[in-house]
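Encoded as structure tokens, the structure appears first; notes follow it.
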Amino acid sequence: MDLLDWHRGRLSSRRLAVLLAHLPRDGAVARELHDEAAEWSVTDHLLATVADQLAVSNWMFATVNRDEDAEPLDYPEPIPRPGATGPEAMGEDRSGEAGPELVGPMPDRGELMRFFS
């Protein structure tokens, strides 16, 4: 198929729009428009979110059950997403910072114990 067929009148605008709408997500056009984000499917994003939530859950459990005199545990690093900006994309230390889904300061040991009891 030649794109000039649209200009020559052999390809309708509707057919061209349908062809463009159904280009593959991992094709050259998608990679050009969305960079590396085109390589991640919805399933990849959901799996990364599940892994991040599991890491936060494990961190909360370990924080509640640690010795009172032990040093606080570092907040888990989220899996870097393509096209993401900020600390998770740059690999910066997030210890003591609220996670992207949390609002406000990190809960202390007492708040976590009350939540889990």
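Quick look at the numbers
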| item | result |
| --- | --- |
| Extended-chain gain in nm, criterion 0.36 nm per residue less alpha-carbon gap, Phe115 and Leu16 | 30.1 nm |
| Accessible-area value, Trp40, 1.4 Å probe, nucleic acids and ligands omitted, Å² | 60 |
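The values are calculated or read from the model by the stated rules, or taken from the named source; none is laboratory data. Since this is a predicted model, take the numbers as computed values, not measurements. Surface accessibility is based on the protein's heavy atoms, side chains included, excluding ligands, DNA and RNA. Shrake-Rupley method; radii C 1.70, N 1.55, O 1.52, S 1.80 Å.
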